[in-house]
Amino acid sequence: MKAFQKWTAIQDQKAVKAWLFSIAYRAFLDHYRKEKRRKELTPEFDDPVAQATMGAAMDIADAMAELPEDCRAAIMLNLAYGYSHDQVSKILDMPLGTVKSHVQRGKTRLRDFLQAYEGVR
């Protein structure tokens with residue numbers, strides 16, 4: 001809906017994909033912040049489904065959740081979606097060097113986590 005409302009604002013028709021990801025990322029941040037506030041205001045209950053382990057995939061998700069928002073977004077766009085550092089820089093509206101350092105630091109933290117996970121198994 002937001003993209004449709006702002007469609008006339010796009011100036012470079014070649015950058016539509018990055019523009020849409022930028023809108024989606026900002027919508028995700030808004031949703032994430034609202035959920036975070038909502039969780040802070042409500043008491044926590046034991047959720048047996050949340051407590052169940054689902055192997056390495058769940059642990060990787062937990063490790064990703066430990067990363068700062070900007071770092072997590074840069075890693076997802078770069079590694080999961082295959083965007084270049086330059087494209088991620090434009091989508092997230094961050095300097096290129098910041099994106100590169102976020103991706104590198106995030107990969108290092110995830111690698112360390114996975115090595116520790118393999119050592120425990």
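Read the figures in this text as sums done on the coordinates, not as results from a lab. What you see is a predicted model; the values in this text were computed from it and never measured. So basically every Cβ, Gly included, is an ideal-geometry build from the backbone, and we count neighbours across all protein chains shown.
Observations on the structure shown:
- Each peptide in 90-96, 74-80, 60-66 was scored by the mean count of other Cβ atoms within 10 Å over its residues; highest first, the order is 74-80, 90-96, 60-66.
- Each residue, Met58 and Gln104, gets one label point 7 Å from its Cα in the Cβ direction; the gap between the two is 3.5 nm.
- Vicinal HN-Hα couplings computed from phi for the range 11-21 (Karplus, 6.51 cos²θ - 1.76 cosθ + 1.60; Hz; Gly/Pro x): 9, 9, 5, 6, 9, 4, 4, 5, 5, 5, 5
- Gain upon complete extension [Arg33, Ala3; 0.36 nm per residue less C-alpha separation]: 8.8 nm
- Using a Förster distance of 35 Å, the FRET efficiency for Asp93-Phe113 (Cβ separation, nearest 0.05): 0.80
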